[in-house]
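A short worksheet on the structure shown next.
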Amino acid sequence: MDTATHSKSSSFSLFITFFAAIGGILYGYDIGIINGALLYIQHDIHMSAAQTSFIVAAVLGGGALSTLITGYLADRFGRKHMMITAVAIFLVGVAFLATAHNYNVLLVGRLIQGIGIGIITIIIPLYLSEVAPKHLRGRGVCSFQVLLSAGILLANVIAYFFAKAGISWHMMFLSSGIPAVILGTGLLFLPKSPRWLVFKGHIQQARQTLEHVYPKETASQELELICSSHNKNNSASISALFQRKFIYPLTLVFSIAILNQLTGINSILQFSATLLKGAGLQSDLVAILGSIWITVVNFIITIIAMLLVDKVGRKPLLTIGTAGVTVALLLSGIAFIYLPEGITKGLLIGIGLLVYVFFFALGPGIVVWIALSELLPNSIRSIGMAVALSLNSLASTLLASSFLPLVNHIGYGGIFILCGFFTVIYFYLAYFKMPESKGKSLEEIESSYNAAAQPATATPHIK
């Protein structure tokens with residue numbers, strides 16, 4: 001293998017990974033900025049507990065709507081074009097939020113942003129899984145989660161300094177347009193997915209893309225694998241989801257998508273400042289500062305998990321992560337219920353949240369994007385990811401929209417214990433049902449399902 005060629009291929013792979021994964025910053029920034037802005041929006045716009053929850057959940061609801069059709073649009077128009085469209089939609093949402101002075105405009109802006117975010121959460125992991133070399137695919141897809149975590153951290157830091165300086169919450173939302181413009185600019189220079197190009201019959205263009213990320217000989221081998229897989233499975237309609245051979249991977253991926261949100265991660269991160277105030281930290285700035293420490297842990301552990309995922313594997317990280325999340329949720333729930341309100345309770349809950357985020361970032365946070373992009377067969381990957389992320393967004397929307405009303409009925413402790421129950425199920429799925437897929441091509445992973453199709457419920461074993 002020519003060293004210069006290999007170095008050039010690796011550099012281009014990193015370029016693709018970095019710019020595509022910037023989409024994670026948009027998603028993370030949106031999660032983080034509402035956490036800080038919410039404390040100050042309520043000073044200007046009167047909202048009930050239900051309306052406040054709807055503002056938080058609106059992005060997730062918009063995402064749930066867009067993910068329903070994104071898979072079809074991604075197959076028709078391509079991954080690259082859909083990423084550019086998502087950025088444009090997101091910027092329209094930013095314009096609404098930066099000029100909002102009443103509840104309705106705020107809600108519409110959040111919904112529009114959610115539509116853009118929904119497209120991004122499907123297309124970018126899908127694109128990275130199809131373009132990145134297999135020995136870097138885990139880290140490539142994980143880079144989306146790393147930058148998502150970076151976006152959450154960045155948004156919390158900006159919210160803190162904006163709040164401390166007395167800068168309007170409108171500017172908090174306006175600042176989210178900066179990473180969107182950077183992403184949109186970078187996307188213009190990215191290649192189209194080689195698997196989508198084969199799907200559309202553009203074999204020579206697919207070869208050229210593969211030769212950017214692989215040495216020439218390896219690129220030819222990868223192209224043969226992709227073409228062979230496409231010839232065997234060229235249907236991408238919704239009816240393909242009901243084929244017997246897809247029952248196991250779809251059940252597994254859909255369950256992971258739903259349970260990942262039922263750990264409560266999005267709601268807890270989006271309401272973390274409000275939650276810490278409810279636990280006994282009275283100052284808005286102190287609550288936001290506590291949220292910053294939570295997001296710092298999330299970011300650091302996500303980077304560590306990204307470095308481990310292609311060495312340790314997906315299954316061990318998800319198993320350890322879900323076990324730790326379960327313990328943290330249950331203990332934090334008990335602390336909320338039985339400890340008297342005050343600074344001590346607030347600090348203990350803060351520590352509990354740090355442990356919770358530590359294990360979530362180590363396992364579920366990093367593995368979910370890989371599972372959704374790797375474990376689905378080629379012919380149904382786009383539409384399967386669309387359905388999976390629609391279910392993911394729906395679960396997240398329902399939890400976020402009912403979060404504060406639920407607090408009024410069962411308290412924060414009850415919510416933590418409820419999420420802990422769902423995470424026990426997630427742990428069972430990770431330990432007993434999820435196959436290991438590190439170091440395998442997407443076509444090799446699919447072959448393992450085909451071999452396990454009889455009986456349909458057999459757990460695939462990837463050697």
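All of the numbers you see were taken from the coordinates with simple rules; none came from a lab. Note that the coordinates shown come from a computational prediction; the quantities given were computed from them, not determined experimentally. Here the Cβ is made from the backbone with ideal geometry for all residues, glycine too, and neighbour counts use every protein chain on show.
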Between helix 177-187 and the chain, what is the angle of the helix's C-alpha long axis to the longest principal axis, kept within 0 to 90° and rounded to the nearest 10?
0 degrees
So the label point goes 7 Å from the Cα of L68 along Cα→C-beta, right? Which residues of the range 99-131 then have their backbone N under 19 Å from it?
108-123
With +1 assigned to the C-beta of every Lys and Arg and -1 to the C-beta of every Asp and Glu, and no other charges, what is the dipole magnitude of the chain about the Cα centre in debye, to the nearest 20?
600 debye
Debye calculation, C-alpha points only, no solvent: report log10 I(q)/I(0) for the range 62-173 at q = 0.17, 0.18 Å⁻¹, in the same order as the q values.
-0.92, -0.99
Shape verdict for the range 30-109, please, from the Cα gyration tensor: rounded (a/c under 1.5), prolate (a/b greater than b/c) or oblate.
prolate
Can you give the helix-only mean residue ellipticity at 222 nm for the chain, where every DSSP H stretch with n ≥ 4 adds -39500 (n - 2.57) and the sum goes over all residues, rounded to the nearest 500 deg cm²/dmol?
-27000 deg cm²/dmol
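Can you order the peptides 307-313, 435-441, 285-291 by their average number of other Cβ atoms within 10 Å per residue, highest first?
285-291, 435-441, 307-313
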Distance in nm between label sites at L285 and I334, each 7 Å beyond Cα in the beta-carbon direction?
3.7 nm
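Taking a ≥ b ≥ c as the square roots of the Cα gyration tensor eigenvalues, with a/c under 1.5 meaning rounded and otherwise prolate when a/b beats b/c, else oblate, which class fits the range 22-76?
It is oblate, given that a/c is not under 1.5 and a/b is not larger than b/c.
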Using a Förster radius of 30 Å, what is the FRET efficiency between L307 and T185 based on their Cβ-Cβ separation? Nearest 0.05, please.
0.60
What FRET efficiency comes out for L354 versus F242 if R0 is 35 angstrom and r is the Cβ-Cβ distance? Round to the nearest 0.05.
0.20
If you take the alpha carbon radius of gyration of the range 138-229 and divide it by 2.2 N^0.38 Å, what ratio comes out, to two decimals?
1.63
Residues of the range 270-312 with backbone nitrogen within less than 15 Å of a virtual label 7 Å along the Cα-to-Cβ line of H43, please, listed as ranges.
283-289
Take the Cα atoms of the chain, find their three principal axes, and give me the spread along each one in whole Å, biggest first.
64, 45, 43
Taking 0.36 nm per residue of sequence separation and subtracting the Cα-Cα distance, how much length would be gained by fully extending the chain between I178 and E341, in nm to one decimal?
54.7 nm
No solvent, one uniform scatterer per C-alpha: report log10 I(q)/I(0) for the range 264-309 via the Debye equation at q = 0.20, 0.24, 0.30, 0.31 1/Å, two decimals.
-0.65, -0.81, -1.02, -1.05
Just to confirm the number: angle between the C-alpha axis of helix 216-232 and the first principal axis of the chain, 0 to 90 degrees, nearest 10?
80 degrees
Does anyone have the angle between helix 49-77 and the longest principal axis of the chain? Alpha-carbon axes, 0 to 90°, nearest 10?
10 degrees
Remind me, what semi-axes does the range 270-398 give for its equivalent ellipsoid, largest first in whole Å, using sqrt of 5 times each Cα gyration tensor eigenvalue?
32, 16, 13
